[in-house]
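Visitor: A single structure is presented below for examination.
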Amino acid sequence: MVETVISIRTARLGDEVDIASVHDAAWREAYRGVIPGRELERMIARRGPSWWRLAIARRTPLLVLEFSGSVVGYVSYGRNRVPALGYGGEIFELYLAPECQGCGFGRRMFEAARKDLAGHGYGSIVVWALAENERAIRFYRQLGGRIVRRAHETFGGQDRERVAFGFG
Ligand SMILES: CC(C)(COP(=O)(O)OP(=O)(O)OC[C@H]1O[C@@H](n2cnc3c(N)ncnc32)[C@H](O)[C@@H]1OP(=O)(O)O)[C@@H](O)C(=O)NCCC(=O)NCCS
């Protein structure tokens, strides 16, 4: 019998190569055609293993999802960066390797991050997504989020809309 084990745990030193590779694959797949190509390549290049190693060493709240012994997703979170929104916590990034999407892992990582934030006194949270990232928009709606703010950001000279989902 083949046993598959899923676990969500705090990232540790040694995970940086796997997280960088999930980041690379997920960003390419999610943002190709949304963020201009050269800017996307720059954004991915900045987030290599050394960037992630530093994030882990600094104890940035960062969880990874392990599936059959491999890191296939990560979620980073902390205090909400836009206090005027009135939400305590924020999920900064939630990404899964493309081949592991649509299996319930995103929901599990979201809930794990939300639980940790709640344990630190952040009962309400916000998450930003690009408006063109339809999969993320549907995902956050399905999880019960409602759009509480719209904003714009420039990528490689091109304007893109971002939306904030509030929870709780
Ligand atoms: C967005 C993302 C994190 C979602 O994770 P996932 O594992 O694919 O989603 P799940 O399988 O956990 O789905 C959770 C719920 O959302 C729903 N959902 C997920 N994707 C959906 C879609 N494209 N359309 C409609 N519903 C969707 C599922 O049906 C499920 O509902 P249920 O639990 O009530 O049955 C993942 O697809 C991903 O990493 N995408 C690329 C990167 C990205 O866009 N990240 C977010 C940036 S803000």
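Visitor: Once you charge only the Cβ atoms, +1 for Lys and Arg and -1 for Asp and Glu, what is the size of the charge dipole of region 1-126 about its Cα centre, to the nearest 20 debye?
Guide: Rounded to the nearest 20 debye, it is 460 debye.
Visitor: Based on the Cβ-Cβ distance from Ser7 to Arg42, what FRET efficiency comes out when R0 is 41 Å, to the nearest 0.05?
Guide: Numbers: r = 33 Å, r/R0 = 0.81.
The pair Ser7/Arg42 has a calculated efficiency of 0.80.
Visitor: Tell me, in nm to one decimal, what length is gained between Glu161 and Arg79 on full extension, where the rule is 0.36 nm per residue of separation less the Cα-Cα distance?
Guide: Numbers: separation 82, 0.36 × 82 = 29.52 nm, distance 2.23 nm.
Result for the pair: 27.3 nm of gain on full extension.
Visitor: Apply the a/c threshold of 1.5 to the C-alpha gyration tensor of the chain and tell me whether it is rounded, prolate or oblate.
Guide: Because its axes are fairly even, with a/c under 1.5, the chain counts as rounded.
Bear in mind these aren't lab numbers, they're just calculated from the coordinates by the rules spelled out. Keep in mind that this is a model prediction, so the values were computed, not measured. FYI the Cβ positions are ideal-geometry reconstructions off the backbone, even for glycines, and counts take in every protein chain you see.
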